[in-house]
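The values are calculated or read from the model by the stated rules, or taken from the named source; none is laboratory data. The structure displayed is predicted, hence computed values, not measured ones. Please note: Cβ atoms are built from the backbone with ideal geometry, for glycine as well, and neighbour counts cover all protein chains shown. For the accessible areas, the whole protein counts, side chains as well, though only heavy atoms, and no ligand, DNA or RNA atoms are used. Shrake-Rupley method; radii C 1.70, N 1.55, O 1.52, S 1.80 Å.
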Amino acid sequence: MTFETTERARAQERGTRRPGEPVWRRTPHGVVGTSVGLLLLAVGLLAGRADVALVGLPVLVGASWSGRPGALAQGVPDRVTRTRLTSDDEQASPGELGATLLLDPPPGAELLQARVAAPGHVPVDVVLPATRRAVRLGLATVRTGPQSTFVVDVRGHGAGGSTAEDPVRSSAPDRLVLPQVMPLGRVPLPHRLRGLTGPHTSRRLGDGSELRDVHPFTPGDRLRRIDWRTTARRAPDLDELYVRRTHATAEATTMLVVDSRDEVGPDLRTWRGEGPQRIDEPTSLDLARHAAASVARAVVDAGDRVGLEDLGRRRRPVPPAAGRRHLRRVLHGLATSSPLGPPARRLRPPRVPADAVVYLFSTVLDDEPVRMVRTWHEGGHRVVVVDTLPAVRPVHEEHLRIAWRVTSMEREDRLRQLRSEGVPVVAWAGTARAEAPTRFEAIVRAAERHHGSSVRHLT
């Protein structure tokens, strides 16, 4: 038992309460009942009407009796309603977030009135019988990252509604909503593969499953690689042995770079930080989290390595690795990414491993992403830009309409420049999200045709 709980129990034993602690009070219903009873009794006595006085007497006695302080047997509870709000789990996925409200009303209470509120949702009022119970709560959301959920105000009512307690507030802890993933199929790989092993075949000699050639035996070749059929055909006297040489396997490295310097929604009026974002509309950062999580899942399923960088935070990045556990770390890093103050200019782009493919998830509302893409592209990296700007709704304000027209034209010029320099751009907002797997497959096939062979054969 905590110190606060101990002091509260001692105050209840002494018949006192701590300042600000909820208590039971007389309601307007009890006051009106007492006033009506007194009025009927007075009218009956003054008019000599015993029937009127007898009607007012029970009303007066009932209202006065139920409102006596400290009379537990007469319907006045001796404590307030105990509430506890627990979340289903610490991390959740977008869709429906749930919580459980535990109610423990005091003896003598008849009804419990609860108001459930959540950011971006209309409050809901519910009246329940005053019994110990667990109430299931749920809300729908398409947002990801840290999210505020439920705030519940509970108020108990005594016998006949003559007494009621002060509202007791309970708040659920903030939830970290992880982004969901969608199947993508094949995604673009880097120009050259690294590593001594992996799911892809390279041109380097080594252990693998794809035949490169048949070569005379040299020191260092393994005996199990001897091709006895070729040896018997080419050297019947067995004066020379021949071995089967294969292409070595290698792995691809993918770096996800999330531009979390700003977070904008479909409503232009909220871009200046005025007014909350709607809970049923994903923002640019929600789209970036979803796209990056989908690419990370495709890379991990293929057996390659994936890492995470954040342009909005100067913190330690998530280094490239493989496996389901590492995918969980990447999803957690995506969920915690958020803008910190005004967008800042970086002196140089984040450092990425050599021969890695870079996926940049950005709204491309300024020149900073274009400068970084050019730096990576000139360094020999394959770069794919994922456009995460949501579909902007038209506005009636003239100044906002002109500002968005200028901004959108500048943004289209940047995207056009990237495409002209050979950098593919994949849109992720609205219906374009469903076309993303086809778009990635087209990029992969275009690279195969351009190099004359499969990308997975390049070193």
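Quick rundown of the values:
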{"read-out": "Additional length obtainable on full extension of the chain from D166 to R233, 0.36 nm per residue less Cα span", "value": "14.4 nm"}
{"read-out": "M409 - accessible surface, heavy atoms, 1.4 Å probe, Å² rounded to 10", "value": "110"}
{"read-out": "Solvent accessible area, Å² - H332, 1.4 Å probe, full protein context", "value": "80"}
{"read-out": "Value of relative contact order over region 254-304, rounded to a whole percent, pairs C-alpha under 8 Å and six or more apart", "value": "40"}
{"read-out": "FRET E, pair A134, R25, Förster distance 22 Å, beta-carbon r, rounded to 0.05", "value": "0.20"}
{"read-out": "Additional length obtainable on full extension of the chain from A321 to D280, 0.36 nm per residue less Cα span", "value": "11.4 nm"}
{"read-out": "Packing-based ranking, highest mean first, of 276-289, 413-426 given that Cβ atoms within 10 Å are counted", "value": "276-289, 413-426"}
{"read-out": "Cβ crowding within 10 Å averaged over residues, with 383-390, 165-172 ranked highest first", "value": "383-390, 165-172"}
{"read-out": "Dimensionless Rg ratio for region 144-187, taking C-alpha atoms and the 2.2 N^0.38 Å reference", "value": "2.25"}
